[in-house]
Amino acid sequence: MKAIEVSYNYWLVAISVITSIVASYGAFSFAERVAATKKTRSALWLSAGAVSMGLGIWSMHYVGMLAVRLPVEVTYHVFTVILSLLLAVLASAGTLALVSRERMGPLRIGLGGVFMGAAIGGMHYTGMAAMRSTAMHHYNLPMVGVSVIVAVAFSCMSLWIAFAARLDYGAANWRRTGGAVLMGSGIAAMHYTAMAAVTFLSGDMAYSAAGNIKMSTLGIAAVVLTSTLMLAATMVAAFYDRRNFRALQSRHEQLTSAQAALIESEQALREANSKLNVLAVHDGLTGIHNRRYFDEIVAVELKRAARARTSISLLMIDVDHFKKLNDRYGHLLGDDALRSIAQGLKVTALRVEDTVARYGGEEFAVLLPGADAKGAFKIAETLRVAVERLHIRNEDSPIGAFATVSIGIDTRIPETGDLPDVMVAAADLALYRAKTQGRNRVVESSTAACALPRPEAVRFM
């Protein structure tokens, strides 16, 4: 048999390539929408994208086939044509499902390329099988193999391009367009390599006309126009869906930013409140508790001691001749002296449950829950000696060269309803007696006449 001379309508060839590029460009939008949406919407975008992209690829192949000019009449079997369309949709669905994943390694690209190449190759050769004419088809098997290899190779490249473009959709438009041109050109190359694998031989082969149609120029236009409109409509929907998604994403980012700022503000407010709470119960100069906190603790511990019928002791402490220290060395050194004394009282012979506070000016107070008179006196003596051993200079003091303190103690087992002011007044009275008896000593409120000053203290009286 003699081979039939084949010619091409280059206008249709150009239209087929352009259709392939447009379908490839649409793949970027469809892949992004499938990846960006969840569950039902993702499935809808996968279906719409598969149909639109598949119709675009199928249209490219059929326009390419219709570009072939044979000297015999050619019709197409409708059922086989529809089958080839389904294969194109299947290939598109697989492609979109792959490129919409979060990751795509070399193995997945290779397997996807084999699947996509086989599906598109199957679409092409199924489409070729739909041709009905008196001419016979003869396939060059090596060229068929080459067409399949080209199909798989370009499919792998297309998957990689579509995946990369989907991840970098914010890139410049020229990059997306370039990727679509390369991908579309690759799909067209699959087709025309496959067309080069077939030779048409003259003959009088009979065929059934049942279920066949003849493609006219109007039919070609209808195929191209329908495919283009379908693809355009889906891409427009993708554009508006993407715009809405980005608007929601922007509002979500703004809300997240506002929420983060609110959390930061709340944290700053909590820190500020924490600092205020610390300042509210601590003395600003010495860092120990202040009078307000001390009065509250005395009230609480009095009630607890009354319920438990246990003793409680309160110490009132005053720095001896502090005015002389201030006058001689200045207020800055006077403040340093108060800080040193406060820390000395805080760390010396005090239990966990004890409270030390600055009560006002150069006066301090110590609360000793559970301490009896003997224990309180021992602690008070320890505190008095500890302050003297700080060796804070006070050379104008008539007692000695270093700062000293006088301490008054009140110890009692309180009754329900006893007021803190009564206990404070009693300890303050004992402190007054300690001062009148020569300072640098400890005096108990109930035994003021029996105070036991240290020998070294008596020396400075």
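The values are calculated or read from the model by the stated rules, or taken from the named source; none is laboratory data. These numbers were taken from a predicted model, which means no experiment stands behind them. Heads up, the Cβs are rebuilt from the backbone with ideal geometry, glycines too, and the neighbour counts pull from every protein chain shown. Please note that ligands, DNA and RNA were not included when accessible areas were found on the heavy atoms of the full protein model with its side chains. Shrake-Rupley method; radii C 1.70, N 1.55, O 1.52, S 1.80 Å.
Can you check how the C-alpha radius of gyration of segment 259-315 compares to 2.2 N^0.38 Å, as a plain ratio? Spell out each step's value before the answer.
Numbers: Rg = 17.5 Å, N = 57, 2.2 N^0.38 = 10.2 Å.
Rg over 2.2 N^0.38 Å, computed on Cα atoms: 1.71.
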Point to revise | Convex hull volume per residue in cubic angstrom - Cα atoms of segment 352-403 | key: 102
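So, by mean Cβ neighbours within 10 angstrom, what's the order for 376-382, 252-258 with the highest one leading? Walk me through the numbers before you get to the answer.
Values: 376-382: 19.9, 252-258: 10.0.
Highest-to-lowest ranking by the protection proxy: 376-382, 252-258.
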Exercise for review: First select every other residue whose beta carbon is under 15 angstrom from the beta carbon of TYR432; then total the charges, Lys and Arg +1, Asp and Glu -1.
Suggested key: -3
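In the structure displayed, which of LYS275/LYS378; LYS324/LYS378; LYS378/LYS435 lie more than 24 Å apart, Cα to Cα? Walk me through the numbers on the way to the answer.
Working: LYS275/LYS378 36 Å; LYS324/LYS378 29 Å; LYS378/LYS435 19 Å.
Table pairs above 24 Å Cα-Cα are LYS275/LYS378; LYS324/LYS378.
Please work out the average accessible area per residue across segment 245-361, using the 1.4 Å probe convention, and give it in Å². Don't jump to the answer; show the numbers that get you there.
Values: 7090 Å² over 117 residues.
Here the per-residue accessible area is 61 Å².
Take each of the peptides 424-430, 295-301, average the number of other beta-carbon atoms within 10 Å over its residues, and list them starting from the highest. Before the final figure, lay out each step's value.
Values: 424-430: 20.0, 295-301: 17.0.
Those peptides, ordered most packed to least, come out 424-430, 295-301.
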Review point. Taking LYS303 as the anchor, which aspartates and glutamates have their alpha carbon closer than 12 Å to its alpha carbon, excluding any fewer than eight residues away along the same chain?
Key: GLU415, ASP418
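Which value results for Rg/Rh of segment 304-410 when Rg is the Cα radius of gyration and Rh the Kirkwood radius based on the inverse mean 1/r?
Details: Rg = 14.6 Å, Rh = 14.3 Å.
My calculation puts Rg/Rh at 1.02.
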